[in-house]
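Novice: The structure follows.
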Amino acid sequence: MRILLGSDTYLPDCNGAAYFTQRLGLGLQERGHEIHVVAPSLSLAHGTEVRDGMPVTRLRSFPVPTYPALRFAPRPPHNDRRLDEVIRRIEPDIVHVQNHFFVSRALLRSARRVGVTGVATNHFVPENIGVQFATWPGPIRNGIVNWMGRDLVKVYEDADAVATPTPIAASLLEARGTRHQVLPISNGIDLRLYPATGATHTEARARFGLSDRPTVLFVGRLDLEKNLEDLIRGFAILRRDTDAQLVLAGKGKEQPHLEELARAEGIAEDVVFPGFIPDEDLPHVYRVGDVFCMPGIAELQSIVTLEAMASRLPVVAANAMALPHLAQDGINGYLYEPGHPDQLAARLLDILASDERRAEMGNRSRELVEKHDVERSLDAYEAFYRDALERRAASGAEEPAMATDPAPGGRAASAA
């Protein structure tokens with residue numbers, strides 16, 4: 001098939017949706033599909049590039065001041081015309097968007113105008129935005145969250161089918177009133193990369209300039225919705241009983257606040273911020289940890305938690321959103337109630353106190369993550385595309401009139 005992936009965030013952005021879009025494209029490309037990407041530019045100009053062998057069309061955009069991971073690509077009328085032209089030029093079998101923001105909603109509408117099947121994967125939780133307005137009065141904050149939920153559902157009305165990473169994410173979207181039966185498809189990870197082989201904990205810690213002692217690890221964006229205050233405060237309690245270190249690997253606007261909190265808790269020397277971890281180093285960074293912690297309260301899945309599990313790490317996670325799908329209490333780790341750092345500290349201490357328990361839980365993590373292998377996710381997305389195309393054809397929807405014959409592997413191949 002010829003597949004056009006659309007996303008409101010794409011590399012070099014550092015977030016789950018950007019990485020998922022890139023990895024999905026690469027995986028589909030390896031299976032012989034032709035992949036094109038549409039995403040916001042990093043400037044005020046349109047542009048094109050080839051990244052990882054995939055052509056990327058960039059739409060001029062502006063940064064969103066309140067949410068740095070997102071850029072605003074103005075819709076009417078210029079980008080509408082441009083997207084119509086892009087779809088007619090590429091002649092995709094299917095358009096697959098990863099968000100419901102500016103680029104994705106415009107791309108879905110354009111696909112409908114041109115007559116191409118359009119599908120969506122939802123990676124967004126309106127409550128994530130609510131966290132950004134935590135200091136606002138409750139009725140106003142809740143009003144913003146509810147409006148964004150209604151807007152999300154409205155945008156996906158233009159899609160022929162909708163997926164999302166987990167069953168709980170699907171039920172949340174259906175509860176907001178979408179007409180679709182939302183299909184849960186794991187984001188998936190390449191299990192072949194984890195755990196990194198040939199390095200002990202000691203060697204991995206030396207690679208990142210860390211001391212060789214028990215280590216609690218977090219990997220991800222250092223942003224408000226990750227709820228890292230819980231982890232800092234919980235680790236401060238843990239540190240009273242254990243000579244351990246906390247590694248917060250990633251970057252984000254909350255880092256200065258977290259550094260100040262660590263100083264206030266008297267643990268600044270035990271909390272390490274290694275910064276952004278490139279893809280090639282990701283398998284190795286998990287080798288530094290004895291236990292992985294994900295305190296985020298708005299995770300629709302959490303790719304980094306899957307990677308930690310694949311690296312045979314026990315997991316302590318917030319009892320929120322989709323994390324209970326991954327951290328199974330007493331089996332491969334523990335859940336804790338957000339806002340209770342004392343409970344988090346007790347869970348971490350329980351794991352660090354026993355080498356035998358830690359190894360057993362780590363092995364169970366690896367067993368549980370097997371069903372999230374990226375090859376299974378790619379199988380599911382190929383079936384998702386085929387089903388959407390078949391249902392659109394059965395409904396009698398008009399196909400676009402193409403000016404030229406499709407290239408090999410495009411429309412003609414998908415009909416086979």
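Each value in this text was obtained by applying a stated rule to the coordinates, not by laboratory testing. Because the structure is predicted, anything quoted here is derived from the model rather than measured. With ideal geometry, Cβ positions are generated from the backbone for all residues, glycine too; neighbour counts draw on all protein chains shown.
Novice: Across 5 Å bins from the origin, how do the percents of Cα pairs in region 191-371 run, short distances first?
Specialist: In order of increasing distance, the bins hold 1, 9, 19, 24, 24, 16, 6, 1, 0 percent.
Novice: Relative to the longest principal Cα axis of the chain, at what angle does helix 228-238 sit, 0 to 90 degrees, rounded to 10?
Specialist: Long axis of 228-238 versus the principal axis of the chain: about 20 degrees.
Novice: Hey, another quick one. Once you sort the root eigenvalues of the Cα gyration tensor of region 313-386 as a ≥ b ≥ c, which label holds: rounded (a/c under 1.5), prolate (a/b larger than b/c) or oblate (the other case)?
Specialist: Cα axes put region 313-386 in the oblate bin.
Novice: Where nothing but the Cβ of Lys and Arg (+1) and of Asp and Glu (-1) is charged, how large is the charge dipole of region 191-371 around its Cα centre, in debye to the nearest 20?
Specialist: Rounded to the nearest 20 debye, it is 320 debye.
Novice: Shifting gears a bit: Test of understanding: in a Gaussian network model of the chain with alpha carbons linked when under 10 Å, which of Asp230, Asp279, Asp290 would top the mean-square fluctuation ranking?
Specialist: Asp279
Novice: A further question follows. What FRET efficiency comes out for Asp243 versus Glu382 if R0 is 60 angstrom and r is the Cβ-Cβ distance? Round to the nearest 0.05.
Specialist: Approximately 0.75, to the nearest 0.05.
Novice: Here's a follow-up. What distance in nm separates the two pseudo spin-label positions at Arg81 and Phe276, each 7 Å out from Cα along the beta-carbon direction?
Specialist: 3.5
Novice: Which whole-number percent is the relative contact order of the chain (Cα, under 8 Å, 6+ apart)? It would help to have the intermediate numbers written out before the result.
Specialist: Numbers: 787 pairs, mean separation 63.0, N = 416.
Across the chain, relative contact order equals 15 percent.
Novice: Moving on to the next point. Just Leu173, Leu152, Leu44 to compare: in a GNM of the chain, with alpha carbon springs under 10 Å, which one fluctuates most?
Specialist: Its mean-square fluctuation being the largest, the pick is Leu44.
Novice: Between Ala394 and Glu174, what is 0.36 nm times their sequence separation minus the Cα-Cα distance? Round to one decimal in nm.
Specialist: 76.8 nm
Novice: Between Arg89 and Cys14, with labels modelled 7 Å along Cα→Cβ, what's the label distance in nm to one decimal, could you check?
Specialist: 3.2
Novice: I'd like the distance separating the alpha-carbon centroids of region 320-358 and region 197-253, in whole Å.
Specialist: That distance is 15 Å.
Novice: From the Cα gyration tensor of region 227-274, with a ≥ b ≥ c the square roots of its eigenvalues, which class applies: rounded if a/c is under 1.5, or else prolate if a/b is larger than b/c, or else oblate?
Specialist: prolate
Novice: Per-residue ellipticity at 222 nm for the chain, helices alone: DSSP H runs ≥ 4 residues times -39500 (n - 2.57), over residue total, nearest 500 deg cm²/dmol?
Specialist: -12500 deg cm²/dmol, from helical runs alone.
Novice: With the alpha-carbon atoms as the only input, what is the per residue convex hull volume for the chain in Å³?
Specialist: Spelled out: Cα convex hull of the chain, divided by residues, is 141 Å³.
Novice: In nm, to one decimal, how far is the modelled label at Ile331 from the one at Lys253, with both set 7 Å along Cα→Cβ?
Specialist: Label at Ile331, label at Lys253, 3.8 nm between them.
Novice: If I stretch the segment between Glu157 and Asn363 completely, what's the gain in nm (0.36 nm per residue apart, minus their alpha carbon distance), one decimal?
Specialist: Working: separation 206, 0.36 × 206 = 74.16 nm, distance 4.23 nm.
So the extension gain works out to 69.9 nm.
Novice: Please identify every one of the trypsin sites (Lys or Arg not before Pro) in region 1-57 that sits in a loop by DSSP and has no more than 14 other beta carbons within 10 Å of its own beta carbon.
Specialist: Sparse-neighbourhood loop trypsin sites (Lys or Arg not before Pro): Arg31.
Novice: Taking the 0 to 90 degree range and rounding to the nearest ten, how far is the long axis of helix 78-90 tilted relative to the main principal axis of the chain, both from C-alpha atoms?
Specialist: 80
Novice: Quick one: order Lys371, Lys154 by neighbouring beta-carbon count within 10 Å, fewest to most.
Specialist: The fewest-first ordering by Cβ neighbours comes to Lys371, Lys154.
Novice: Kindly provide the GluC sites (Glu not before Pro) of region 144-207 that DSSP labels as loop, not H, G, I, E or B, and whose Cβ sees at most 15 other Cβ atoms within 10 Å.
Specialist: Glu157
Novice: What is the extension gain from Glu269 to Phe72, computed as 0.36 nm multiplied by their sequence separation minus the C-alpha to C-alpha distance, in nm to one decimal?
Specialist: Gain in length upon complete extension: 67.0 nm.
Novice: Turning to a different aspect of this structure: Determine, for the chain, the count of lysine pairs separated by eight or more sequence positions (or lying on different chains) whose alpha-carbon distance falls under 29 Å.
Specialist: Summing the qualifying lysine pairs gives 4.
Novice: Moving on. To test your reading of the geometry: what angle, between 0 and 90 degrees and rounded to tens, separates the Cα axis of helix 374-395 from the longest principal axis of the chain?
Specialist: Approximately 30 degrees, to the nearest 10.
Novice: Hey, another quick one. With the cut-off at 1.5 for a/c, could you classify region 167-242 from its C-alpha gyration tensor as rounded, prolate or oblate? All intermediate terms of the calculation are to be shown ahead of the outcome.
Specialist: Details: a/c = 3.78, a/b = 1.67, b/c = 2.27.
Oblate.
Novice: For the chain, modelled as a GNM with alpha-carbon contacts under 10 angstrom, which of Leu323, Leu108, Leu352 fluctuates the most?
Specialist: Taking springs between Cα atoms under 10 Å, the residue moving most is Leu352.
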